[in-house]
Amino acid sequence: MNFSAHLTALRALAQDAPQIQALFQQNDRFAQFSADFDGILLDYSKTQLEAGARAQLLAWMADTGLAAARDAMFAGDRINQTESRAVLHVALRAGADAVITVDGKDVMPEVRATRARMAALARDVRSGAFGGAGGAFTDVVNIGIGGSDLGPVMAVAALAPYHDGPRVHFVSNVDGAHLADTLRGLDAGRTLVVVASKTFTTIETMTNAISARDWMAGQVSDPASQFVALSSATTKAADFGIPPARVFGFEDWVGGRYSVWGPIGLSLMLAIGPEAFDDFLAGAASMDAHFREAPLADNLPVLLAMTGLWHHQGMGHATRAVIPYDQRLARLPAYLQQLEMESNGKGVTMDGAPVSAAVAPIVWGEPGTNGQHAFFQLIHQGAQVVPVEFLIAAQGHEPHLTQHHRLLVANCLAQSQALMQGRSLDAARAMIAGRFAGAELERQARHRVFPGNRPSVTIAYDRLTPRRLGQIVAMYEHRTFVEGVVMGINSFDQWGVELGKELATALGPVMDGAQGLDGQDASTAGLVTFLRR
Ligand code: F6P
């Protein structure tokens, strides 16, 4: 079957999809529609997916050549066709004896050598052997944006219980407020600045790096000695004045949003230490092996992609909420926004033909339980259906606060239950019959109806350790890849970010007044005039 036949078949199945609760009349619904791997459970039983639709989706994946596409990625083929690049973030976390070749050359010796250099630097910073003008580094400021920020930001917050190094701060926005608020109160002589930019040309990052260097130069005689660079453009980093010994390079086959596993992860390594960072990598490598080896029907990234395709392509739900009931995963939704929307938010297929349907859903979310007191109203009663992905750990890291964790888990499970069960009009009437009567009872009851039959997926794990985090992030990476393969697009380029960058560069002189408003549309001209005034 070809793409459109599969899509048509899936939509036909979605039209007749059974109610979620009806599916639980089968005793083995949970057993049949959940899967686990090494401490992570994926429960997709509270969805309208039934055996027929699952078989159809798995057949679609097989027909689309998923296994071959996956193997091509791991083999170092240039699957990012518009940039003619291999896609090998998996090499950054591959084990000690791995051999991965690009154009016949084993890339692993270089990967290992860079990782060893990073670990040596991290040990020196953490021990104080390498410090600043004022002594051992107490603070690290990571300057980067997009993939050079979101991964480390998310992971550093996620692994707070494992921090035993310097405090790590992140500056991404070119808004001077971000840099100013971060540097305020820091001791320049004891601050290490990490400039993270794959290209070393990104205007936000370079502007922040120059201003950080100026800030340091006001207080330290040799600011460059307290700078580190993480980049594919090692020459540009050297031109910035950072000595080669503190430049950590990586190849163009590491996409920005897939780069936390290598040099871009240095801030995380500084916070948690090289050994815990290795556990993070080992977790991701174990998910890579699972993705490569497990049958499609038991394969967590594949199954997660299957739920995504079902909800977006089959059921037509435009968005997906990711709700970690894990405060330390507060930045996971933002991380996934880049991972999924920059990867799969595409308008043409691999061969340049327009896509026949929107490829990627809008991903959004906030941690629970906070979201319950904000946007969950819409998820429960709004007219649009939002499939939810919950994440929840069996255990927290606060043994003295187990009561908190009990409540956290109960709330997470209650939300998925409430979304599925809903509340009927009869139940609503019965609930308030003692307080209202007649037309007022009817009116009030209608406000208390929950439609139910709202899908959710729950990802449960034992504890948010470095290894588990590595597995979860790698699972999401591969899920994104699978959805991209099925939709026939290139998940590894990002041409859609270029136009805005070009226009911003052109508008700079207009804002300065060095260039007039000729050629600007009336709205932009009016805004420039207002903002300049
Ligand atoms: O704006 C898009 C983007 O190119 C992302 O893909 C990338 O992660 C980010 O900018 C930062 O780029 P760099 O690491 O080159 O500074």
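The values are calculated or read from the model by the stated rules, or taken from the named source; none is laboratory data. Everything quoted here is computed from the prediction, not taken from an experiment. In this analysis, Cβ positions are derived from the backbone assuming ideal geometry, glycine residues included, and neighbour counts consider all displayed protein chains. Ligands, DNA and RNA are excluded from the accessible area calculation, which covers all protein heavy atoms including side chains. Shrake-Rupley method; radii C 1.70, N 1.55, O 1.52, S 1.80 Å.
The figures follow:
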| read-out | value |
| --- | --- |
| CD proxy at 222 nm, helix term only [per DSSP H run n ≥ 4: -39500 (n - 2.57); per residue of the chain; nearest 500] | -13500 deg cm²/dmol |
| Residues of type aspartates and glutamates that residue 501 reaches as a straight line, Cα spacing below 12 Å, ignoring anything fewer than 8 places off in the same chain | 204 |
| Length added when fully stretched, residue 355-residue 425, from 0.36 nm per residue minus Cα-Cα | 21.1 nm |
| Ordering of 79-89, 273-283, 217-227 by burial proxy (mean other Cβ atoms within 10 Å per residue, highest first) | 273-283, 79-89, 217-227 |
| Label-point gap, in nm, between residue 521 and residue 184 - each point 7 angstrom along Cα→Cβ | 3.7 nm |
| Distance from the range 123-146 to the range 71-113 (C-alpha centre basis), Å | 30 Å |
| Spin-label pair residue 214/residue 163, simplified geometry with 7 Å Cα→Cβ offset, distance in nm | 2.9 nm |
| Accessible area of the chain divided out per residue, in Å², using a probe of 1.4 angstrom | 42 Å² |
| FRET efficiency estimate (nearest 0.05) - Cβ-Cβ, residue 99 to residue 51, R0 30 angstrom | 0.15 |
| Gain upon complete extension [residue 199, residue 404; 0.36 nm per residue less C-alpha separation] | 69.4 nm |
| With all protein chains modelled, accessible area of residue 99 [1.4 Å, Å²] | 100 Å² |
| Of all accessible heavy-atom area on the chain, the percent that carbon and sulfur account for (1.4 Å) | 54 percent |
| Whole-angstrom gap from the range 309-347 to the range 202-247, using each part's C-alpha centre | 34 Å |
| Rounded, prolate or oblate (a/c below 1.5 giving rounded, otherwise prolate when a/b exceeds b/c) for the range 347-453 by Cα gyration tensor | oblate |
| Amide hydrogen neighbours beyond the local backbone of residue 436, cut-off 5 Å, H modeled | none |
| Solvent-accessible surface ranking, highest first, for 495, 364, 253 at 1.4 angstrom | 495, 364, 253 |
| Residue 82-residue 11 FRET efficiency (beta carbon distance; Förster radius 30 Å; 0.05 resolution) | 0.55 |
| Rough spin-label spacing in nm, given labels placed 7 Å along Cα→Cβ, for residue 36 and residue 124 | 4.5 nm |
| Gain in span if fully extended, residue 117 to residue 318, counting 0.36 nm per residue against the direct Cα distance | 67.9 nm |
| Rounded FRET efficiency, nearest 0.05, which uses the C-beta distance separating residue 503 from residue 28 and R0 of 56 Å | 0.50 |
| Solvent-accessible area of residue 450 with every protein chain in place, 1.4 Å probe, in Å² to the nearest 10 | 60 Å² |
